[in-house]
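This is the structure I want to talk about, given as structure tokens.
The values are calculated or read from the model by the stated rules, or taken from the named source; none is laboratory data. From a predicted model like this one, the values you see are computed outputs, not experimental measurements. As a convention, Cβ positions derive from the backbone with ideal geometry for all residues, glycine included, and neighbour counts pool all protein chains shown. Surface accessibility is based on the protein's heavy atoms, side chains included, excluding ligands, DNA and RNA. Shrake-Rupley method; radii C 1.70, N 1.55, O 1.52, S 1.80 Å.
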Amino acid sequence: MAKRIEVSDLNVYYGAFQAVEGVTLTVEPRSITAFIGPSGCGKSTVLRTLNRMHEVIPGARVEGKVLLDGEDIYGSDIDPVNVRRTIGMVFQKPNPFPTMSIYENVVAGLKLQRKYKRPELDIVVEKSLRGANLWEEVKDRLDRPGAGLSGGQQQRLCIARAISVEPQVLLMDEPCSALDPISTLAIEDLMQELKERYTIVIVTHNMQQAARVSDKTAFFNLAATGKPGKLVEVGNTTMIFNNPTQRATEDYISGRFG
Amino acid sequence: MQPGAISGSKDANKGRWLDVGFRRLSVGSAVLVLIILVAIALFLLQQALPAIHKDTANFLTEQQWRPDDTPAVFGIAALLYGTLVTAFLAMLMALPVAVGVALWLTQYGPRALARPLGYVVDLLAAVPSVVFGLWGLIYLVPKMIPLSAWLSTYFGWIPIFKSDAIFGKSIFTASVVLAIMVLPVIAAVTREVFLQVPRENQEAALALGSTRWEMIRLAVLPYGRSGLISAAVLGFGRALGETIAVALVLSANYTVSAHLLTPGGNTIAANIANTFGEAGSLGRGALIASGLVLFVITLAVNFGARAIVARRREFTAAT
Ligand SMILES: Nc1ncnc2c1ncn2[C@@H]1O[C@H](COP(=O)(O)OP(=O)(O)O)[C@@H](O)[C@H]1O
Ligand SMILES: [Mg+2]
């Protein structure tokens, strides 16, 4: 069950510093939306506000609205814990729990919700690892440490862990930036499969990747260092890459930036 | 043939000599530590064995300690009992509180408060034990009397709380002083350990929709497990070997009693401090024999902890 995200007039602050100003965009269900833009323009910041992960950082706060199928995730009666169960996240650096086996890593989030019987967990582990295209590689060593896998495998393990709780939305912050090209392709293929069921938002600094995988692209930019980042334009990926309406987008896409 | 860029004498590099020098230094230090350890053990054995030989009682089971009588009667039973019980009780009280303090300082407390309080804990860990002993003697012992009386009135049906004489200078009081003494030590080390937990792992747990406590259970406690065990061993070791603080708050006698609120009891270290001065030659040998027992226990506890840590080595942070 994928859901739509509507962001309107979003401002994000770290203490007194405004990192992002006036972002308004809609993320369609069962599609991949890519955030691109130069580093420091607030892509990660915006992404983290979509599941309230920015609240982990002391001093970070938002203004504006983020609606998940019409429901304000910043509503006064909304628990951020529930928001994060619904909107999962994969980070830039693969971060499996180092003290856990592959199996335990996959079910870590699930075990938070209620008691599961072992056979139930077995089913979820296989399903999630298959979903993350990792099952064939690790099915014989599920009790080995998750941190012993290669970087690409670890990242797919993290994806398996994120989808094991069946979120409605998956947020990915440069999930391939620490990976080799083969692993990157594996994850891109995986995203195409995942978008059948999930709403996906991916931050990437790799424009070819955005062009390859995403349906919609949002280009963020920074007027100057110390100024807040802004959303320049958002549209269908083919339109953004072939026919952008803004000069800044065109410059960035064609590599004539800065 | 021209000499290539990578040819040249192997020993010409200055860094290489430093490398060799450091390796020798570190191997040398490690060997030195081992030699000292063996030398201590040999010294203790050489002093202790003749005394144990002259003992007319069984050294392991006898409670009394009269090595300078003729015939000599002494045994480790009461001292060992007192040592283990005080240290164990102290850990029972201190460990959960110390972990709680460390969690508050690293996870729950507001940064502006947690940082200075962290320094305070570090400072407390460095307070000499005689200060805790004096504080225990002057302040805590009188306060323990009503508490002990209350415990024995309402919980006297449990053997450990049964007491006929309430005087404050009991095994229980000694345990409380030890607990207060080791608490900052354990908390300080545990705090350092929890500070090392990678932010990525904490964020991974939170992003899965865990509450703060669930995040601690998923990411912080398992990651800190081996460090936590080390901290506990450090605290337990200090409690086992603590001399002056126990000597000050305990009214010593040589009995094994389950009634922990009753005055009396003794520990190996406190007994050495209290009686070494007046001991005759056999008495000294006997005290050294008791010191040997303490040495062996401490080693055993350390090795036990290492074994526990090693069991899940592959799953520790160091991968
Ligand atoms: N934890 C933080 N505390 C303070 N400032 C931050 C923090 N994280 C990011 N910023 C600032 O916010 C701005 C946007 O950062 P970020 O969202 O990470 O950019 P991007 O992901 O596009 O590279 C930058 O100026 C960055 O320095
Ligand atoms: Mg970023």
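Considering B:F167, B:F88, B:F155, which residue is touching a strand residue (DSSP E or B) at 6+ places or on another chain (Cβ under 8 Å) and either open to solvent by less than 70 Å² (accessible area, probe 1.4 Å) or more than 29 Å from B:Q202 (Cβ to Cβ) (or both)? Write out each step before concluding.
Values: B:F88 fails: touching a strand residue (DSSP E or B) at 6+ places or on another chain (Cβ under 8 Å); B:F155 fails: touching a strand residue (DSSP E or B) at 6+ places or on another chain (Cβ under 8 Å).
Only one candidate qualifies: B:F167.
Scan the strands (runs of 3 or more DSSP E) fully inside segment A:1-92 and keep the ones with 1 or more residues being away from every other protein chain (no Cβ under 14 Å), on the phi > 0 side of the Ramachandran plot and more than 9 Å from ligand 1 (Cβ to nearest atom).
Numbers: elements: A:5-14, A:17-27, A:32-36, A:60-68, A:87-90.
Correct list: A:5-14, A:17-27, A:60-68.
Here's something else I'd like to know. Based on this model, can you work out whether A:I78 counts as away from ligand 2 (no atom under 16 Å from the Cβ), of a type in the set (A, V, I, L, M), closer than 30 Å to A:K111 by Cβ and surrounded by 21 or more Cβ atoms within 10 Å (Cβ to Cβ)?
no
So, one more: In the set B:A39, B:A102, B:A77, which member is modelled with pLDDT of 95 or more, open to solvent by less than 80 Å² (accessible area, probe 1.4 Å) and under 23 Å from the mean Cα position of the chain (by Cα)? I'd like the intermediate steps shown before the answer.
Details: B:A39 fails: modelled with pLDDT of 95 or more; B:A77 fails: modelled with pLDDT of 95 or more.
Sole residue among the options that is modelled with pLDDT of 95 or more, open to solvent by less than 80 Å² (accessible area, probe 1.4 Å) and under 23 Å from the mean Cα position of the chain (by Cα): B:A102.
Kindly provide the set of residues from segment B:288-318 that are of a type in the set (A, V, I, L, M) and without any contact (Cβ under 8 Å) to a residue 60 or more places away in the chain, ordered by number.
Restricting attention to segment B:288-318, the residues satisfying the condition of being of a type in the set (A, V, I, L, M) are B:288-289, B:292-294, B:296-297, B:299-301, B:305, B:307-310, B:317-318.
Of everything in segment B:288-318, those that are of a type in the set (A, V, I, L, M) and without any contact (Cβ under 8 Å) to a residue 60 or more places away in the chain turn out to be B:V296, B:L299, B:A300, B:A307, B:A310, B:A318.
Right, something else. Can you tell me how many residues in segment A:156-180 are over 12 Å from the mean Cα position of the chain (by Cα), under 23 Å from A:G42 (Cα atoms) and more than 16 Å from ligand 1 (Cβ to nearest atom)?
1
Continuing with this model, one more query. Which residue pairs have Cβ atoms under 9 Å apart, sit 6 or more places apart or on different chains, and have a first residue in segment A:173-187 that is farther than 16 Å from A:V203 by Cα and away from chain B (no Cβ under 14 Å) and a second that is among the charged types (D, E, K, R) and away from ligand 1 (no atom under 16 Å from the Cβ)?
Pairs found: A:S183/A:R156; A:A186/A:R156.
I'm trying to understand the selection: among the residues of segment A:197-211, which are away from ligand 1 (no atom under 13 Å from the Cβ) and either aliphatic (A, V, I, L, M) or in contact with a Lys or Arg (Cβ under 7 Å, 6 or more places away or on another chain) (or both)?
Scanning segment A:197-211 gives A:T199, A:I200, A:M207, A:A210, A:A211.
Any chance segment B:307-318 includes a residue that's open to solvent by less than 40 Å² (accessible area, probe 1.4 Å) and more than 14 Å from chain A (Cβ to nearest Cβ)? Can you show your working first?
Initial filter on segment B:307-318 (open to solvent by less than 40 Å² (accessible area, probe 1.4 Å)): B:309, B:315-317.
Narrowing further to those that are more than 14 Å from chain A (Cβ to nearest Cβ): none.
Checked against the condition, which is being open to solvent by less than 40 Å² (accessible area, probe 1.4 Å) and more than 14 Å from chain A (Cβ to nearest Cβ), segment B:307-318 yields no hits at all.
Right, B:L60: at pLDDT below 95 and open to solvent by 100 Å² or more (accessible area, probe 1.4 Å) or not?
On the way: at pLDDT below 95: yes; open to solvent by 100 Å² or more (accessible area, probe 1.4 Å): yes.
In short, yes.
Which residue is nearest to the other protein chains (Cβ to nearest Cβ), if the candidates are limited to segment A:94-115 and must be among the aliphatic types (A, V, I, L, M) and touching a strand residue (DSSP E or B) at 6+ places or on another chain (Cβ under 8 Å)? Step through it out loud before you land on a result.
So in segment A:94-115, the residues among the aliphatic types (A, V, I, L, M) come out as A:100, A:102, A:106-108, A:110, A:112.
When the remaining residues are screened for being touching a strand residue (DSSP E or B) at 6+ places or on another chain (Cβ under 8 Å), the result is A:100, A:102.
Working: A:M100: 7, A:I102: 11 Å.
Looking at the filtered set, the residue picked out is A:M100.
Which one is nearest to A:Q92 (Cα to Cα) among residues in segment A:178-205 that are within 16 Å of ligand 2 (Cβ to nearest atom) and open to solvent by 50 Å² or more (accessible area, probe 1.4 Å)? Break it down stepwise before answering.
Quick first cut of segment A:178-205, residues within 16 Å of ligand 2 (Cβ to nearest atom) only: A:178-179, A:201-205.
Now narrow it down to the ones that are open to solvent by 50 Å² or more (accessible area, probe 1.4 Å): A:178, A:205.
Values: A:A178: 7, A:H205: 11 Å.
For segment A:178-205, the residue satisfying everything is A:A178.
Still on this model: In segment B:265-283, is there at least one residue being farther than 30 Å from B:Y154 by Cα, at pLDDT 90 or above, under 14 Å from the mean Cα position of the chain (by Cα) and of a type outside the set (A, V, I, L, M)?
Among the residues of segment B:265-283, not one is farther than 30 Å from B:Y154 by Cα, at pLDDT 90 or above, under 14 Å from the mean Cα position of the chain (by Cα) and of a type outside the set (A, V, I, L, M), which makes the answer no.
It is to be established whether one or more residues within segment A:207-224 are aliphatic (A, V, I, L, M), open to solvent by 40 Å² or more (accessible area, probe 1.4 Å) and in contact with a helix residue (DSSP H, G or I) (Cβ under 6 Å, 6 or more places away or on another chain).
Checked against the condition, which is being aliphatic (A, V, I, L, M), open to solvent by 40 Å² or more (accessible area, probe 1.4 Å) and in contact with a helix residue (DSSP H, G or I) (Cβ under 6 Å, 6 or more places away or on another chain), segment A:207-224 yields at least one hit.
Okay, residues lined up against (1) within 14 Å of ligand 2 (Cβ to nearest atom); (2) open to solvent by 10 Å² or more (accessible area, probe 1.4 Å); (3) in contact with a Pro (Cβ under 7 Å, 6 or more places away or on another chain):
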| residue | (1), (2), (3) |
| --- | --- |
| A:V12 | yes, no, no |
| A:E21 | no, yes, yes |
| A:T24 | no, yes, no |
| A:F35 | yes, no, no |
| A:R48 | yes, yes, no |
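Something else now. So which residues in segment A:50-69 are within 17 Å of A:V201 (Cβ to Cβ) and away from ligand 2 (no atom under 16 Å from the Cβ)?
Applying the first criterion (within 17 Å of A:V201 (Cβ to Cβ)) to segment A:50-69 yields A:50-54, A:62, A:64-69.
Within segment A:50-69, A:R52, A:V62, A:G64, A:K65, A:V66, A:L67, A:L68, A:D69 meet the criteria.
Here is a further query. Condition test on B:V182, is it touching a Gly at 6+ places or on another chain (Cβ under 7 Å), within 14 Å of another protein chain (Cβ to nearest Cβ) and either among the hydroxyl-bearing types (S, T, Y) or assigned to a helix (DSSP H, G or I) (or both)? Step through it out loud before you land on a result.
Working: touching a Gly at 6+ places or on another chain (Cβ under 7 Å): yes; within 14 Å of another protein chain (Cβ to nearest Cβ): no; either among the hydroxyl-bearing types (S, T, Y) or assigned to a helix (DSSP H, G or I) (or both): yes.
Considered against the rule, which asks whether it is touching a Gly at 6+ places or on another chain (Cβ under 7 Å), within 14 Å of another protein chain (Cβ to nearest Cβ) and either among the hydroxyl-bearing types (S, T, Y) or assigned to a helix (DSSP H, G or I) (or both), B:V182 comes out as no.
I'd like to know if segment A:36-45 contains one or more residues that are modelled with pLDDT of 95 or more, under 18 Å from the mean Cα position of the chain (by Cα) and among the basic types (K, R).
Yes, there is a match, as at least one residue in segment A:36-45 is modelled with pLDDT of 95 or more, under 18 Å from the mean Cα position of the chain (by Cα) and among the basic types (K, R).
Scan segment B:242-252 for residues that are touching a residue at least 24 places away in the same chain (Cβ under 8 Å) and over 14 Å from B:F132 (Cβ atoms) and jot them down. Please lay out each step first, then the result.
Taking segment B:242-252 first, the residues touching a residue at least 24 places away in the same chain (Cβ under 8 Å) are B:242-251.
Correct list: B:S251 only.
Could you check segment A:115-153 and list, in sequence order, the residues that are over 25 Å from the mean Cα position of the chain (by Cα) and either outside any helix (DSSP H, G or I) or touching a residue at least 40 places away in the same chain (Cβ under 8 Å) (or both)?
A:K115, A:Y116, A:K117, A:K139, A:D140, A:R141, A:L142, A:D143, A:R144
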